[in-house]
Amino acid sequence: MNGDYVSDDDQMTSSRSRSRLGIACCLGRHRSIDNPRSNSIASTSRNNTTNRKRTNHAKSKSMENFDNTPSTLNSSRSLRKPPHLKSRNGSSRKSTPIMYSNSSGMLKPPPIEKNIECTLEELCYGCTKKIMIRRDVLTDNGGIVQEEELLTINVKPGWTKGTKIKFVGKGNERPNAYSEDIIFSISEKRHQLFRREGNDLELCVEIPLLKALTGGTISVPLLGGENMNLTVDDIIYPGYEKIISDQGMPISSAAGKRGKLIVKFIVEFPTHLSDNQRCDVFSILQNSC
């Protein structure tokens, strides 16, 4: 009886304890429902967590897209854009030439080129060339007629082949176009005796074997038609040259100065010698070489 017996006071104490616990639980629930601040904090925490997840996901996608774009590293270890992503001013884009139009709408045709032959004498001393040309000319009513015109070219001393003389607008006329230009190009006629090398002249002179071995005075022609006496004391051997100063072509860039005249020799050998002559030549020349 003593172990199983519960007094009325104990029952009352236990009942009051259970009541207090129930009331506390109800109050806790009511406080969590009625407190909006706590609910807001919890919601904000959940939203922040969701946003961080979305941001990390977007970053991972952007990194994937970046990785799929080809790129290279330059010498400074910085990323360099691929050629197809370069800007319009990049070196990978080919530049297109800009075509400028004539504001007047008139075209300039190519010039007419002609050769004019000159002798070495004309290029040495200068001359005047008169050339008759025939060209098409527009009339006031739009027709085309041919007319002749005499052009004058003053050849200067020292001009070389390839020198060009330009006459602006002396060519044919065409509607809606400028008149053609005419360009004359100097060419040299081949000379019988002289050959030009820049400002120098080369001349080949034939001499007999006796004079080549013993020397003497040789008559040398000049470009103007004169002759000069050239004394040679040396033995003339193959390749021997004699240079005469100031007898070449005039130097157009230096007034009053001329190039050289280079004289080359062609030795004439006898075509027949007697036995006695051969013996004499042999006795003379056997110890000379």
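Here G158 does not fit the description of being over 29 Å from A254 (Cα atoms) and part of a loop (DSSP other than H, G, I, E, B).
Residues checked against (1) open to solvent by 80 Å² or more (accessible area, probe 1.4 Å); (2) assigned to a strand (DSSP E or B); (3) under 13 Å from C124 (Cα atoms):
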| position | (1), (2), (3) |
| --- | --- |
| G224 | no, no, yes |
| I235 | yes, no, no |
| Q247 | no, no, yes |
| I262 | no, yes, no |
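Looking only at residues of segment 264-289 that are touching a residue at least 60 places away in the same chain (Cβ under 8 Å) and open to solvent by less than 60 Å² (accessible area, probe 1.4 Å), we find that the one that is nearest to L203 (Cα to Cα) is F265. If you take the residues of segment 87-131 that are open to solvent by 80 Å² or more (accessible area, probe 1.4 Å) and among the small types (G, A, S), which of them is modelled with the highest pLDDT? The qualifying residue modelled with the highest pLDDT is S103.
Is it fair to say G216 is open to solvent by less than 50 Å² (accessible area, probe 1.4 Å) and either hydroxyl-bearing (S, T, Y) or free of Cβ contacts under 8 Å to residues at least 24 places away in the same chain (or both)? Yes.
Do the conditions hold for G248, that is, is it small (G, A, S) and modelled with pLDDT of 90 or more? Yes, satisfied.
Tell me which residues, restricted to segment 251-282, are farther than 17 Å from L209 by Cα and modelled with pLDDT under 90. S252, S253, A254, A255, G256, listed by residue number.
Might you let me know whether segment 199-216 holds any residue that is assigned to a strand (DSSP E or B) and in contact with a helix residue (DSSP H, G or I) (Cβ under 7 Å, 6 or more places away or on another chain)? Walk me through how you get there before you give the answer.
To start, the set of residues in segment 199-216 that are assigned to a strand (DSSP E or B) comprises 200-208, 216.
With in contact with a helix residue (DSSP H, G or I) (Cβ under 7 Å, 6 or more places away or on another chain) added as a condition, the list becomes none.
No, the conditions are met nowhere in segment 199-216.
Restricting I112, I116 to residues that are within 30 Å of Q192 (Cβ to Cβ) and in contact with a Lys or Arg (Cβ under 9 Å, 6 or more places away or on another chain) narrows the list to I116.
Being open to solvent by 70 Å² or more (accessible area, probe 1.4 Å) and either in contact (Cβ under 8 Å) with a residue 12 or more places away in the chain or over 37 Å from the mean Cα position of the chain (by Cα) (or both) narrows it down to one of N141, N172, so name that one.
N141
Any idea how many residues of segment 175-188 are open to solvent by 40 Å² or more (accessible area, probe 1.4 Å) and either in a strand (DSSP E or B) or modelled with pLDDT of 95 or more (or both)? Adding up the residues that qualify gives 1. All told, I284 meets the bar of being of a type outside the set (D, E) and out of contact with any Phe, Trp or Tyr (no Cβ under 7 Å at 6 or more places or on another chain).
A Cβ distance below 6 Å, combined with a sequence gap of six or more or placement on separate chains, defines the contacts here; from segment 239-260, residues that are under 19 Å from P221 (Cβ atoms) reach residues that are modelled with pLDDT of 90 or more and among the β-branched types (V, I, T) in the pairs E241/I262; K242/V263; I243/I262; K260/I243.
Name the residues in segment 191-238 that are over 43 Å from the mean Cα position of the chain (by Cα) and of a type in the set (S, T, N, Q), would you?
T214, T217, S219, N227, N229, T231
The values are calculated or read from the model by the stated rules, or taken from the named source; none is laboratory data. Keep in mind that this is a model prediction, so the values were computed, not measured. FYI the Cβ positions are ideal-geometry reconstructions off the backbone, even for glycines, and counts take in every protein chain you see. Quick note on the areas: whole protein, heavy atoms, side chains included, nothing else; ligands and nucleic acids left out. Shrake-Rupley method; radii C 1.70, N 1.55, O 1.52, S 1.80 Å.
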